[in-house]
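Colleague: I am attaching a structure below and will ask some questions about it afterwards.
The values are calculated or read from the model by the stated rules, or taken from the named source; none is laboratory data. These numbers were taken from a predicted model, which means no experiment stands behind them. Ideal geometry is used to build each Cβ from the backbone, glycine not excepted, and the neighbour counts take in all protein chains shown. When the accessible area is computed, the model is the full protein with side chains, heavy atoms only, and any ligands, DNA or RNA have been set aside. Shrake-Rupley method; radii C 1.70, N 1.55, O 1.52, S 1.80 Å.
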Amino acid sequence: MIRYSESPQGITPEQLQGFFEGWPNPPTPETHLRILQHSDEVVLALDEETGQVVGFVTAITDGILAAYIPLLEVLPDYRGQGIGSQLMRRMLALLEDYYMVDLLCDAHLQPFYARLGMVPTTGMMLRRYDRQSGRTP
Ligand SMILES: CC(C)(COP(=O)(O)OP(=O)(O)OC[C@H]1O[C@@H](n2cnc3c(N)ncnc32)[C@H](O)[C@@H]1OP(=O)(O)O)[C@@H](O)C(=O)NCCC(=O)NCCS
């Protein structure tokens, strides 16, 4: 069974294995935990049998008008079961009071987000790949 949680409290780095698939220089599990702890909102999907986190989504906000969803990921073995949709539905519910809720995604994922009520737009971004594993604290 998958259990959903809206807090990283009590989560350990050992429960955060296998994320950032395909990233050449990914955050460590310890850094991943810090990301969860420093986000304004998180939703976690936990496999109750293994105790592992198998999916997560984060949001950062100004607390008033705008929210941004930087990260959503479900572990490969758990994809295609509705977990990603459930994480997003729960996150959008947490952010329901905000005027702006934005994220960036590849074009092939636009139908996934459109099913959740989001609309395509254009945007801009900057990536510093030498910082991909995270800022030093
Ligand atoms: C995107 C992601 C979170 C979806 O999680 P999930 O648990 O598989 O999602 P769900 O089971 O709720 O929904 C699956 C649907 O998402 C869509 N989808 C997921 N990954 C896709 C991909 N790579 N290309 C196209 N569509 C995709 C499919 O339309 C699928 O629909 P179906 O169930 O009718 O086949 C997951 O594939 C993932 O972690 N990918 C790698 C990280 C990533 O791309 N994150 C998003 C950053 S913007």
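Colleague: Provide a single number: the residues in region 82-120 that are open to solvent by 80 Å² or more (accessible area, probe 1.4 Å), within 17 Å of the chain's Cα centre (by Cα), over 18 Å from GLU41 (Cβ atoms) and in contact (Cβ under 8 Å) with a residue 24 or more places away in the chain.
Modeller: Matching residues across region 82-120 total 0.
Colleague: Please find, among LEU95, LEU116, LEU104, the residue that is touching a strand residue (DSSP E or B) at 6+ places or on another chain (Cβ under 9 Å), within 13 Å of the ligand (Cβ to nearest atom) and at negative phi.
Modeller: Just one listed residue meets the conditions, LEU104.
Colleague: Among the residues of region 74-107, write down those that are among the small types (Gly, Ala, Ser) and either at pLDDT below 95 or under 14 Å from GLY117 (Cα atoms) (or both).
Modeller: SER85, ALA93 - these are the residues of region 74-107 that are among the small types (Gly, Ala, Ser) and either at pLDDT below 95 or under 14 Å from GLY117 (Cα atoms) (or both).
Colleague: Scan region 79-86 and tell me whether some residue there is farther than 28 Å from THR122 by Cα and within 16 Å of the ligand (Cβ to nearest atom).
Modeller: yes
Colleague: For region 42-72, which residues satisfy the criterion of being touching a residue at least 40 places away in the same chain (Cβ under 8 Å) and surrounded by fewer than 18 Cβ atoms within 10 Å (Cβ to Cβ)?
Modeller: Listed by number, the residues that qualify are GLU48, GLU49.
Each row is one residue, and each column tells you yes or no for (1) modelled with pLDDT of 95 or more; (2) among the acidic types (Asp, Glu); (3) assigned to a loop (DSSP other than H, G, I, E, B); (4) more than 15 Å from the ligand (Cβ to nearest atom).
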| site | (1), (2), (3), (4) |
| --- | --- |
| THR31 | yes, no, no, yes |
| VAL43 | yes, no, no, no |
| LEU72 | yes, no, no, no |
| MET124 | yes, no, yes, yes |
| SER133 | yes, no, yes, yes |
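Colleague: Something else now. Here are some conditions: (1) among the hydrophobic types (A, V, I, L, M, F, W, C); (2) open to solvent by 30 Å² or more (accessible area, probe 1.4 Å); (3) within 10 Å of the ligand (Cβ to nearest atom). ILE35 meets all but one. Which one does it not meet?
Modeller: (3)
Colleague: I'd like the residue in region 2-23 that is part of a loop (DSSP other than H, G, I, E, B) and within 15 Å of the ligand (Cβ to nearest atom) and, out of all such residues, is farthest from TYR78 (Cα to Cα). Walk me through it before giving the result.
Modeller: Step one: filter region 2-23 for residues part of a loop (DSSP other than H, G, I, E, B), giving 6-12, 16-23.
Still in the list and also within 15 Å of the ligand (Cβ to nearest atom): 16-23.
Numbers: LEU16: 14, GLN17: 13, GLY18: 12, PHE19: 12, PHE20: 14, GLU21: 13, GLY22: 16, TRP23: 19 Å.
The residue in question is TRP23.
Colleague: List every residue pair whose Cβ atoms lie under 8 Å apart, where the two residues are 6 or more positions apart in sequence or sit on different chains, the first residue falls within region 17-31 and is within 16 Å of TYR129 (Cβ to Cβ), and the second residue, located anywhere, is among the β-branched types (Val, Ile, Thr) and not in a loop (DSSP other than H, G, I, E, B).
Modeller: Listed pairs, sorted by first residue: PRO27/ILE35.
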